[in-house]
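The values are calculated or read from the model by the stated rules, or taken from the named source; none is laboratory data. Here the structure is a predicted model, which is why all the values come from computation and not from measurement. In this analysis, Cβ positions are derived from the backbone assuming ideal geometry, glycine residues included, and neighbour counts consider all displayed protein chains. Calculation scope for accessible area: heavy atoms of the full protein, side chains included, ligands and nucleic acids excluded. Shrake-Rupley method; radii C 1.70, N 1.55, O 1.52, S 1.80 Å.
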Amino acid sequence: MTALTRRALLVGGALLVGIGPARAALPGSLAEAPRIDAWIRLDPDGSVTVLTGKAELGQGIKTALIQVAAEELGLDPAVLRLITADTELTPDEGYTAGSHSMQDSATAIRLAAAAARALLVQAAALRLGARAETLSVADGAVAAPDGRRLHFAELAAEIDLDAPVPEATALREPGTRTLVGRPLPRVDIPAKVAGGPAYVQDIRAPGMVHARIVRPPRPGARLVALETEAVAARPGVIRVHRDGDFLAVVAEREYAAVTAMRALAAHAVWQGGTPVPEPDALFADLAGREAKRTIIHEAGAGTPVPAGRTITAQYRRRYQMHGSIGPSCAVAEFDGTRLTVWSHAQGMFPLRKALAEMLALPEVQVRCIHVEGSGCYGHNGADDAAGDAALLAHALLGRPVRVQYTREQEHLWEPYGGAMMTQVSAVLGPDGRIADWDYAVRSPTHLTRPPGAGQLLSARMLESPFPAPPPKALPQPEGGGDRNAIPLYRFARARVAHDFVAAMPLRVSALRSLGAYMNVFSIESLMDEAAEAAGADPVAFRLAHLDDPRARAVIEATAARFGWGAALPKGRGAGFAFARYKNLAGYCAVAVEVAVERESGRVRLVRAQAALDAGEIVNPHGLRDQIEGGIIQAMSWSLFEAVAHDATGPTSRDWSTYPIARFPDIPERLDVHLIDRPGAPFLGAGEVAQGPTAAALANAIRQAASVRLRELPMRPELVKAAIGV
């Protein structure tokens, strides 16, 4: 259906995606897709297409990936075409998650582009009778020193990109690069700010119909009675669709679907539901749930623990939601044989597998195309909306079906970031340093995304339901609930445990940074508590426990640029925190200044300073956007956001019952210092700021109001109660 492919940047002609044995020596996603033409395509007219299995989620990777490819191919970035996350066209890179896009996809594209450039040079050398090392590649052509040039179009037929990327591929030297490291304007922004078609929510196609879903009033409720005749007879209504507890209405026009949904909801009778603990019993319930303990780190077991002061603390985090500004949406079409779905979910290939299972279709008959959605920070409602659209399109042959969630549906039914608890104990030795560290994190799963049909909400509601698979813990070194639970600091003795809770009262899954947000909050809060007990400066205390020179560099840069140690007005405080995301991605330190109103308990973030080391920088503008956005989002999580619920289920239905930070809450000043390391590997940076921001805020509140808060979010009522006003 051509009307729908305008957003998918489809290109004509056949595409050969190379398939071959993985080679462990190849970095990034080349291990899974080692052939050049999985990433770079050269058409007969000389035009170049770049392919990635990752998706643009607002993090700016479209721009960065174009820069990387254009640099190696000597092309103007404006002439490159980029296709993202399309199961028919691009390599399978799983989910766009965990800050892996640059590490995995950009690395693969860079090497594939360099390999393609080498083949172009070899072909040109034969044609020109010149030595390959004397030729240069720029402006879509290979040039000899005497001025002779061969354009890519003249060489396209002579090179074969259906070949593996060589294990030794020469990249352009860092000193010669003209595009990587420059703040190229982001290609995804113009349509968004100008009101153009930018999102899956904007898709309109000839013959498209509109669907709305009727959800139960609470999780686990069953549909026991339904009257459909009056709704089915409404003007513009095409179909009232029921399959078990899955209930939807389809109409020619969107408003007709909205009004029919409301009428249908009034005629539906539901019973039962999954009990949920009352808010005050949330953490007692979590502590009492069965858990499987895994020791994920142990060091210095034979080292004796010296006598010293012991600092212990428990930290807690309530359920939090994605709160995507645009509620989820999807479009699907089924022609009787082939299902095509346009979705803003973060994994097109896993989604395809889930949809094929749900509809009993071969995977080759399902195509999933990523289209940006307005708001995505993990596993929100996008996969579920795609499942709904696929179910309805399968029942309504030949008509594109658009499913749009309401705000209430998105808030109540998206998978949340799970409630968590940590318990920390540290012993200060005679030298004022931590001699023993004991840490345990209690957490549910942080991944219930597809590829299983049972991970789609509506598939669980069908007359023949697909059961949800058992929740699993994500393994180290990246982890899930235990992500960043292992400190980067050097302790003589350390023990870290993960208590995995499988059964939870509310649906949970991936929220940006997974368990790192809570674990870094806990570790960095305890580091401040230990520094205070030792009578040490918090920054100096951290440096005394760190050997990693890159970690020390971001801490020192942040402290210097923030003006750490300077006197602040009464009622204000400064806080500091640091982490290396997953202990293997980007390094980030954050310092904040807060103002605390003692009478109201309100905390205001006045200014923030961050330093980041993410390896080589491709687009400083995009990288800075990531850190600024991460700090603001983490500030919102840490000071405002918690899912409200009672015994019947979630009650956060809108922005009044799930408050988030607003424009007046944005800090007066927010500075990000980038440490560039040309030639170094790319390190993920999309989620590095979440944990340090939360801890820095708690540490600043401690200085400003002389109270230590150990529960997220640190809402005014908690601050006020701690102060005792």
With each run of n ≥ 4 DSSP H residues scored as -39500 (n - 2.57), what mean residue ellipticity at 222 nm is computed for the chain after dividing by its residue count and rounding to the nearest 500 deg cm²/dmol?
-8000 deg cm²/dmol
Efficiency by 1/(1 + (r/R0)^6): what FRET value for GLN314 and LEU674, r their Cβ-Cβ distance, R0 = 30 Å, to the nearest 0.05?
0.25
Reachable lysines from LYS292, criterion Cα separation under 26 angstrom, eight or more residues apart if same chain:
LYS472, LYS582
Working out 0.36 nm times the residue gap between GLU252 and ALA163, then minus their Cα-Cα distance, what length gain in nm do you get to one decimal?
27.2 nm
Loop-resident sites, segment 532-618, for GluC sites (Glu not before Pro), counting at most 11 other Cβ within 10 Å (DSSP):
GLU599
³J(HN,Hα) computed for each position of segment 289-298 - Karplus, 6.51 cos²θ - 1.76 cosθ + 1.60, integer Hz, glycine/proline x:
6, 4, 9, 9, 8, 10, 7, 9, 7, 8
Estimated vicinal HN-Hα couplings, Hz - segment 573-582 in sequence order (Karplus 6.51, -1.76, 1.60; Gly, Pro = x):
x, 10, x, 9, 7, 8, 6, 9, 4, 6
Can you work out the FRET efficiency for the pair ALA360 and VAL193, with r the C-beta to C-beta distance and R0 = 35 Å, to the nearest 0.05?
0.20
Global form of segment 22-189, assessed from the alpha-carbon gyration tensor, a/c cut-off 1.5
prolate
Quick one: length gained pulling ALA31 to ARG598 fully straight, 0.36 nm per residue minus the C-alpha distance?
198.6 nm
Of the chymotrypsin sites (Phe, Trp or Tyr not before Pro) in segment 620-725, which ones lie in a loop per DSSP and count no more than 15 other C-beta atoms within 10 Å?
TRP655
Cut-off under 19 Å on the C-alpha distance; same-chain residues fewer than 8 positions from LYS720 excluded. Which lysines are left, in chain and number order?
LYS570
Accessible surface ranking that places the most exposed of TYR581, TYR199 first, with a 1.4 angstrom probe
TYR199, TYR581
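Report the extension gain between PHE663 and ALA502 in nm, rounded to one decimal, defined as 0.36 nm multiplied by the number of residues separating them, less their alpha carbon distance.
Between PHE663 and ALA502, full extension yields 54.2 nm more.
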Please work out the Kirkwood hydrodynamic radius for segment 203-282, using every pair of different C-alpha atoms, and report it in angstroms with one decimal place.
13.8
With DNA, RNA and ligands ignored, accessible area of THR337 (1.4 Å probe; Å², nearest 10)
80
Accessible-area composition of the chain, carbon plus sulfur, in percent [1.4 Å probe]
54
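Out of all DSSP beta bridges in the chain, what portion is antiparallel? Express it as a percent rounded to 5.
Working: 82 of 112 bridges.
About 75 percent, rounded to the nearest 5.
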Positive-end residue, the chain charge dipole about Cα centroid, Cβ charges, pick of VAL401, VAL594, VAL214
VAL594
Table column - 3J(HN,Hα) (Hz), segment 157-174, Karplus curve with 6.51, -1.76, 1.60, x for Gly and Pro
6, 9, 10, 10, 7, 7, 9, x, 5, x, 5, 10, 10, 7, 8, 5, 5, x
Please state the relative contact order of segment 22-189 as a whole percent: Cα pairs under 8 Å, 6+ residues apart?
32
Cα centre as origin, Lys/Arg/Asp/Glu Cβ charges: segment 22-189 dipole, Debye:
480
Give me the net charge for the shell around GLY46: Cβ to Cβ below 13 angstrom, other residues only, Lys and Arg +1, Asp and Glu -1.
-3
Sequence-separation-based contact order of segment 191-278, relative, with Cα cut under 8 Å and 6+ spacing, percent:
35
Counting only protein chains, not ligands or nucleic acids, how are LYS472, LYS570, LYS192 ordered by accessible area (probe 1.4 Å), most first?
LYS570, LYS472, LYS192
Modelled label-to-label distance, LEU546 and ARG490, 7 Å Cα→beta-carbon offset: nm?
1.3
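Could you pull out the trypsin sites (Lys or Arg not before Pro) across segment 303-404 that fall in loop regions by DSSP (anything but H, G, I, E, B) with no more than 16 other Cβ atoms inside 10 Å? Working shown, then result.
Numbers: sites: ARG309, ARG316, ARG317, ARG318, ARG338, ARG352, LYS353, ARG367, ARG402; in loops: ARG309, ARG318, ARG338.
For trypsin sites (Lys or Arg not before Pro) across segment 303-404 that sit outside H, G, I, E and B with at most 16 neighbouring Cβ atoms in 10 Å, the list reads ARG309, ARG338.
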If you count only protein heavy atoms and use a 1.4 Å probe, how large is the accessible surface of GLU333, to the nearest 10 Å²?
40
With Cβ to Cβ distances under 13 Å as the rule, what net charge do the other residues near PHE500 carry (K, R +1; D, E -1)?
+3
What are the lysines whose alpha-carbon lies under 20 Å from the alpha-carbon of LYS62, with same-chain residues fewer than 8 places away excluded?
LYS54, LYS192
Student exercise, segment 402-444 dipole from Lys, Arg, Asp, Glu Cβ charges, in Debye to nearest 20
180
The chain: D in µm²/s via Stokes-Einstein (Kirkwood Rh, Cα pairs, 20 °C, 1.002 mPa s)?
79
Among THR134, ALA108, GLY60, pick out the residue whose Cα is farthest towards the positive end of the charge dipole of segment 22-189, where Lys and Arg carry +1 and Asp and Glu carry -1 on C-beta, about the Cα centre.
THR134
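Taking the Cα centre of the chain as the origin, how large is its charge dipole in debye, to the nearest 20, when only Lys and Arg (+1) and Asp and Glu (-1) carry charge on their Cβ atoms?
Computed about the Cα centre, the dipole is about 1020 debye.
What does the accessible area per residue of the chain come to in Å², with a 1.4 Å probe and no ligands, DNA or RNA counted?
Here the per-residue accessible area is 37 Å².
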So what is the relative contact order of the chain, in percent, for Cα pairs below 8 Å that sit 6 or more residues apart?
13
As a test of reading the structure, rank GLU410, GLU133, GLU687 by solvent-accessible area (1.4 Å probe, protein chains only), most first.
GLU133, GLU687, GLU410
Which one of GLY686, GLY622, GLN703 is farthest out on the positive end of the charge dipole of segment 615-725, using unit charges on Cβ (Lys, Arg +1; Asp, Glu -1) and the Cα centre as origin?
GLN703
Once you place label points 7 Å from the Cα toward the Cβ at ARG607 and GLU229, how far apart are they in nm?
7.2
